[in-house]
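Q: Let me give you the structure first, and then I'll get to my questions.
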Amino acid sequence: QVQLVESGGGLVQPGGSLRLSCAASGSISSIAVMGWYRQAPGKQRELVAHSTRGGNTYYADSVKGRFTISRDKNTVDLQMNSLKPEDTAVYYCNARRFSGDSSWGQGTQVTVSS
């Protein structure tokens, strides 16, 4: 089992920055991929960025050049710059194990508004 605890998020003006952090505990060695998803009201949850154990990263087209994911042993951070109103969503940390099972954080609200 893997448990995830998120921190960060909040209200920021357009063009501003926020940093999300996620700490994993439990069977950390079983984690293959850690990343961030988001879900806006009325929309499906979507992958924002992830980082594999081997160091490969993926970014959704909508956040390329603005967001940066960084991963350490049991943490994954998402640095979000040049935020736009359309980035407003609940952001969820995700850890996918080699077995294919996933664990989710509780979610943290990010609101971009003037």
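Q: Given a 1.4 Å probe and heavy atoms of the protein chains only, how would you sort Tyr37, Tyr91, Tyr58, largest accessible area at the top?
A: Tyr58, Tyr37, Tyr91
Q: Expressed as cubic angstrom per residue, what is the convex hull volume of the alpha carbon set of segment 57-103?
A: Taking the convex hull of the Cα positions in segment 57-103, it is 99 Å³ per residue.
Q: Here's something else I'd like to know. Under a Cβ-only charge scheme (Lys and Arg +1, Asp and Glu -1), can you give me the dipole magnitude of segment 9-101 about the Cα centre, in debye to the nearest 20?
A: 100
Q: Rolling a 1.4 angstrom probe over the protein heavy atoms, how many square angstrom per residue are accessible across the chain?
A: With the other protein chains kept in place, the chain gives 52 Å² per residue.
Q: For segment 42-57 and segment 97-114, what is the separation of their Cα centres, given in Å?
A: If we compute the Cα centre of each part, the gap is 10 Å.
Q: Okay, next question. Could you state the per residue volume, in Å³, of the convex hull enclosing the Cα atoms of segment 1-45?
A: Roughly 114 Å³ of hull volume per residue.
The values are calculated or read from the model by the stated rules, or taken from the named source; none is laboratory data. A quick note: this is a predicted structure, and the numbers were derived from the prediction, not measured. A quick note on method: Cβ atoms are made from the backbone with ideal geometry, for glycine too, and the neighbour counts reach across all protein chains shown. To get the accessible areas, we keep the full protein, side chains included, count just its heavy atoms, and leave off ligands, DNA and RNA. Shrake-Rupley method; radii C 1.70, N 1.55, O 1.52, S 1.80 Å.
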